[in-house]
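Just so it is clear, none of the values below were taken in a lab; they were calculated from the coordinates. The shown structure was predicted, so the numbers you read here are calculated from the model rather than taken from an experiment. Glycine gets a Cβ as well: all are built from the backbone with ideal geometry, and neighbour counts include every protein chain shown.
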């Protein structure tokens with residue numbers, strides 16, 4: 001979270017990737033470092049030992065697409 005905030009403050013479009021279980025902690029930390037509205041991309045937790053590779057790949061692609069949307073919007 002701190003890296004995301006530091007990048008944004010330097011003028012670099014950034015988004016924090018956060019697993020669902022850590023969403024609240026990320027939001028609290030963003031507020032703690034003075035940027036409560038920092039962009040967070042909250043995504044479903046991966047289960048590498050329990051999900052087949054094609055499912056994990058599909059999830060990763062979806063997260064990458066969402067991250068691109070965040071970053072392109074931030075760059076405008």
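In the range 2-74, one over the average inverse separation of all distinct C-alpha pairs is 13.2 Å, which is the Kirkwood hydrodynamic radius.
Using a cutoff of 8 angstrom between alpha carbon atoms and counting only pairs six or more residues apart, the relative contact order for the range 2-74 works out to 33 percent. Of 10, 57, the sequence from fewest to most neighbouring Cβ atoms within 10 angstrom is 10, 57.
Once the Cβ-Cβ distance of residue 45 and residue 7 is raised to the sixth power relative to R0 = 25 Å, the FRET efficiency obtained is 0.55. Given a Förster distance of 22 angstrom, what is the FRET efficiency for residue 74 paired with residue 54, based on the Cβ-Cβ distance and rounded to 0.05? Plugging the Cβ-Cβ distance into 1/(1 + (r/R0)^6) gives 0.10.
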